[in-house]
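Report on the following structure.
Every number in this text was worked out from the coordinates using simple rules, so none of it is lab data. Owing to the predicted nature of the structure, the values given are computational and were not obtained by experimental measurement. Using ideal geometry, Cβ is built from the backbone for each residue, glycine included, and neighbour counts are taken over all protein chains shown.
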Ligand code: MRU
């Protein structure tokens, strides 16, 4: 997507430096900074510290991490060590393990001399596939927005609520939840996006930044406002992303997604989840029982980062110094609360039959 008219992706391979260049998301929306990842520890830190974040993007970043590891030392021992170091960075999003397993499966069959070049090629393929998959899922989701627009008076916007950042910054490009939104905007449909703040890390500010750069009307709202807006008839559609989707269509996404699904259910508002198939964990059925929920540092809750009126970025405490905090980073929305899933192959029910109808080859390969 474009930033001030210049096309960008959230990461790219820097040929001169033989390193991965990323947009360091810790500083957005206040400052646009990029960063080179040149060593394995840089990749581990980038994913753990959320310099890069969002399920598809951490998968692609990890694939480049494997490429760097193979360029440095293509031995079997280093292949295993790199897989382990990257895999332990974040536990919930399945794309991370999906990308790492894909790399290890291909690379372990090669000679040491072949590994470095193939690993970089594979990382590029994973990144390119992510872009194309997200473009396609946007095409598949677009009719949902077109149908609502067709019932509106001319010029009246379709009002879409989204949670967290499932935008292009969370993927290599397009985003997942935002892909139908960007494509609706390109098709000339008037939109108003309600952007959940998404405490504690305020990923909503990333979504607001993205939407602003594309010229899409949006309003930033506190996490508690969505239910009220739904009761007032001010939300036509909810679209979120997901970090892991189970084979029966339970969805694990940023903390607070479940509450929005409950409110949408109570107000009969369609609640859709957009996902590339790399986000489906075919080995898991019951999301509540089986998905590990990342618990992050309590300081992400007790401190808030922002910019002063003079533009200086600072972290301020919002709690009494002695108060302890808890920081579960994701929650599970059961499939019964989800109107449908938007994938690169089409829309389906959030159910085992729905997903199997679109991805029969994966469903069959993992059938119990
Ligand atoms: O903790 P984060 O910022 O990595 O969490 C990101 C999300 O929860 C996104 O909604 C999810 O990864 C889908 S992104 C396309």
Completion exercise
Out of 32, 43, 271, a Gaussian network model of the chain with alpha-carbon springs under 10 Å gives the largest mean-square fluctuation to 32
Handout entry: Potential lengthening between residue 108 and residue 217 on full extension [0.36 nm per residue; Cα-Cα distance subtracted]
Key = 34.4 nm
Problem - Fluctuation leader among 188, 340, 306 - the chain, Gaussian network, Cα springs under 10 angstrom - result: 188
Problem - Footprinting exposure proxy for 12, 168, 174 (fewest neighbouring C-beta atoms within 10 Å first) - result: 12, 174, 168
Exercise for the section: Kindly provide the helix-only [θ] at 222 nm of the chain, computed as the sum of -39,500 (n - 2.57) over DSSP H runs of four or more divided by all residues, to the nearest 500 deg cm²/dmol? Expected result: -12500 deg cm²/dmol
Completion exercise
Under the 7 Å Cα-to-Cβ spin-label approximation, residue 317 and residue 224 lie apart by a distance in nanometres of 2.3 nm
Problem - Calculated FRET efficiency for the pair residue 262/residue 48, C-beta based, R₀ 30 Å, to 0.05 - result: 0.45
Practice task
Please list 223-232, 350-359 highest first by mean number of surrounding beta-carbon atoms within 10 Å per residue.
Solution key: 350-359, 223-232
Problem - Sites residue 309 and residue 21 - FRET efficiency at Förster radius 25 Å, r taken between beta-carbons, to 0.05 - result: 0.20
Completion exercise
For the pair residue 366 and residue 286, the simple spin-label estimate (label points 7 Å beyond Cα toward Cβ) gives in nm 1.8 nm
Exercise for the section: Quickly rank 132-139, 17-24 as a protection proxy: mean count of other C-beta atoms within 10 Å, highest first. Expected result: 132-139, 17-24
Handout entry: Most to least packed among 66-77, 154-165 [average Cβ atoms within 10 Å]
Key = 154-165, 66-77
Problem - Listed residues 112, 15, 213, most fluctuating in the chain (Gaussian network, C-alpha, under 10 Å) - result: 15
Handout entry: Label-to-label distance, nm, for residues given as residue 38 and residue 298 (7 Å Cα→Cβ offset)
Key = 3.8 nm
